[in-house]
Amino acid sequence: MHGPSAAPPSQSASMFPHTWRHHWALDEDPFVQEDADKDPVLARVPLEAVHSSFDRLYGTPDSPAPGIVFGEKGSGKSSLRLAMKRRLAGESAFVVEYMEFDSFLTEARKADRLPPSGPKTPRRIVERFTLADHIDAMLSLGVTKLSEEILSGQRPGAPALAKKHKATLVALAGLYYRSDDRSGDDVDRGLRKALKLRSAKPFGQNLLRFGLTALGLGLAAVPFVDSIGIDAAKHLGVEDTENSLWWMVGGAVLAATWGSHLVSKLITRRSAGAATRAVRVVPRDPDPLANLLERMPRSICRDLALPEGSSVGTRLVLLQRFISLLKELGSPSFYVLMDRIDEATVLSGRADLMRPFVESLLEHRVLQFEGLALKLFLPIELSRLYLGASPEELKSMRLDKANSVPELRWSGQELSEVAAQRLRAVRPEGTPKDQAGGRLSDFFDEEVGDGQIRVALGELGTPRLAFGFLGAMFADQARELDDDLDPESPDWRIPKRRFDILHASWLDRARGLRRALN
């Protein structure tokens, strides 16, 4: 057997990591990153190298359906989400990621006037976070993204939308747009300009209002016109009653004209204020929405379906309107990828807080909403939401129609194949396929067979642990070698003894992590 244990002590320097990678034709470490969202290699791994449940979770963009997967930490939920996002990039589906929960939870806390800290604050926040709040959060993500695409010219078909759809989009932006780059007024003006949204209502109303104003002033001025050429004393003495009548009629016309205008304006402002306050998870200035309501014809305004309090029904109408807009713009489905719930600061990774936060989403009318593909990547702790649910709750959830994966488990064969794909992803372009370093078995002594590697990876069970184990073995082996080791030396390969020792160590580590984290 070849390996460091059999080699005599050397005075040469330990091998540098780049020397190890250069020998095996690797541009970078294929197993260094544990966080999928920060993993530079993952984007280069072929989309086919995914978990066997991926296609069922992914569904069909033209006929969207929900998908729910439960998995322990490091089981690859985020890598599945990123793979789904990559594949959807080649489709016409509209995709948002629902992951930054802290901002939405913080705004909900402010709306409820709860203290920023305190032992009971997190519990009170999640218990009051309703399905309406979740839909508002999803609409905020979707409306903000769509608005930005229209403002940047990525949706050339937007100006061709029907006037009703344009008004709906501007109203949705007034309710849900949120960005650090643009104010509500900027978006309102920008969208109306990009959509070429013009309204005849202000001109028509202004013409009528000013016409009535002129009439009122004219009626009030009649006595003064009639008094020309008439004795002033007679005018003041005899015709006072008639003059008063003209003034009263003219004043009444003016009062009715401007009074109705001010009342209408007040009602519109109150409606806009109530609608924006109902959206608790997005801080909004009601002025852009109020200005839109004042400009639009009354028939269109009545059909906008503004949110009312915590009503789920009005949110579902708004969600349907948004999905209809997407279809008009060429996107047949709205994908919402919900992940990293256990990383929200307010939830603190606590199952007793995550469960009430997620539970309202597991409802049939949302999961099966036409045009919506809600994909939930949930911690394994939350699987009890349906494993321990009552028959009535299960009927409400209908998870049998939600493409559910009760536990994300990987076989040794799957992990071995994905690891090999990661190796090939970091090799220089043009490297011959048969050159050593493109297969896992290339790195191990002949005593370590493919079957033993697959078994070891399968026992670790998750990509994070399996790839961490492989990366640790590579690093440990390189540290024990001379930097000027002969390229033909068998010591480049990891001996069985090191494989067995590290495998046992990582199995103990995996058991400890599962006890601590899950």
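The values are calculated or read from the model by the stated rules, or taken from the named source; none is laboratory data. Because the structure is predicted, anything quoted here is derived from the model rather than measured. Counting neighbours? That spans all protein chains shown, and the Cβs are built from the backbone with ideal geometry, glycine included. What goes into the accessible areas is simple: the full protein's heavy atoms, side chains included, and nothing from ligands, DNA or RNA. Shrake-Rupley method; radii C 1.70, N 1.55, O 1.52, S 1.80 Å.
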Next item on the list: Could you tell me which residue of segment 422-437 is farthest from TRP492 (Cα to Cα), considering only residues that are assigned to a loop (DSSP other than H, G, I, E, B) and of a type in the set (Gly, Ala, Ser)?
Entry: GLY430
Notebook entry, point to check: Does segment 91-103 hold any residues that are farther than 12 Å from ALA137 by Cβ and open to solvent by 70 Å² or more (accessible area, probe 1.4 Å), and which are they?
Noted result: GLU91
Checklist line | Filter result (closer than 26 Å to GLU97 by Cα, modelled with pLDDT of 90 or more and either open to solvent by 50 Å² or more (accessible area, probe 1.4 Å) or not in a helix (DSSP H, G or I) (or both)) within segment 166-197 | finding: TYR177, ARG178
Notebook entry, point to check: Does any residue of segment 150-157 turn out to be outside any loop (DSSP other than H, G, I, E, B), touching a helix residue (DSSP H, G or I) at 6+ places or on another chain (Cβ under 9 Å), surrounded by 15 or more Cβ atoms within 10 Å (Cβ to Cβ) and touching a residue at least 60 places away in the same chain (Cβ under 8 Å)?
Noted result: no
Checklist line | Some residue of segment 306-320 being in contact with a strand residue (DSSP E or B) (Cβ under 7 Å, 6 or more places away or on another chain) and farther than 20 Å from VAL170 by Cα | finding: no
Item checked: In segment 279-292, the residues that are assigned to a helix (DSSP H, G or I) and open to solvent by 20 Å² or more (accessible area, probe 1.4 Å) -> ASP287, ASN291
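One line per residue, one yes/no per condition, for (1) surrounded by 18 or more Cβ atoms within 10 Å (Cβ to Cβ); (2) of a type in the set (S, T, N, Q); (3) in a loop (DSSP other than H, G, I, E, B):
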{"residue": "LEU26", "(1), (2), (3)": "yes, no, yes"}
{"residue": "PHE31", "(1), (2), (3)": "yes, no, yes"}
{"residue": "ALA65", "(1), (2), (3)": "yes, no, yes"}
{"residue": "ILE68", "(1), (2), (3)": "yes, no, no"}
{"residue": "GLY74", "(1), (2), (3)": "yes, no, yes"}
{"residue": "SER79", "(1), (2), (3)": "yes, yes, no"}
Notebook entry, point to check: What about GLN413, is it more than 38 Å from the chain's Cα centre (by Cα) and in a helix (DSSP H, G or I)?
Noted result: no
Checklist line | Residue within segment 109-124 that is part of a helix (DSSP H, G or I), modelled with pLDDT of 95 or more and of a type in the set (A, V, I, L, M, F, W, C) present | finding: no
Next item on the list: Under 7 Å between Cβ atoms, at least 6 apart or on separate chains: pull out the pairs that start in segment 430-449 with a residue that is over 15 Å from MET473 (Cβ atoms) and end on any residue that is open to solvent by 70 Å² or more (accessible area, probe 1.4 Å).
Entry: GLY438/ARG424
Checklist line | Enumeration of residues in segment 396-439 that are of a type in the set (Lys, Arg), modelled with pLDDT under 90 and more than 25 Å from SER383 (Cα to Cα) | finding: LYS433
Checklist line | Of all residues making up segment 329-378, the number that are over 20 Å from ILE125 (Cα atoms) and not in a loop (DSSP other than H, G, I, E, B) | finding: 14
Item checked: Members of segment 335-370 found to be over 20 Å from ARG128 (Cα atoms) and among the aliphatic types (A, V, I, L, M), listed by number -> VAL336, LEU337, LEU367
Next item on the list: Filter segment 293-313 down to residues that are of a type in the set (S, T, N, Q) and touching a residue at least 60 places away in the same chain (Cβ under 8 Å) and give me whichever is most open to solvent (accessible area, probe 1.4 Å).
Entry: SER310
Check: Taking segment 124-137 as the search range and keeping residues that are among the charged types (D, E, K, R) and open to solvent by less than 80 Å² (accessible area, probe 1.4 Å), which one is farthest from ALA305 (Cα to Cα)?
Finding: ASP133
Margin query: Is it the case, given these coordinates, that SER505 is among the polar types (S, T, N, Q) and either within 17 Å of PHE31 (Cα to Cα) or in contact with a strand residue (DSSP E or B) (Cβ under 9 Å, 6 or more places away or on another chain) (or both)?
Written below: no
Check: Can you name the number of the only condition in (1) open to solvent by less than 20 Å² (accessible area, probe 1.4 Å); (2) out of contact with any Gly (no Cβ under 6 Å at 6 or more places or on another chain) that LEU457 fails?
Finding: (2)
Next item on the list: Using the structure shown, decide if LEU347 is more than 28 Å from VAL187 (Cβ to Cβ) and not basic (Lys, Arg).
Entry: yes
Next item on the list: Can you give me the number of residues within segment 113-123 that are within 14 Å of ARG280 (Cβ to Cβ) and surrounded by fewer than 14 Cβ atoms within 10 Å (Cβ to Cβ)?
Entry: 1
Check: Can you find a residue in segment 317-332 that is modelled with pLDDT under 90 and either crowded, with 22+ Cβ neighbours inside 10 Å or of a type in the set (Asp, Glu) (or both)?
Finding: no
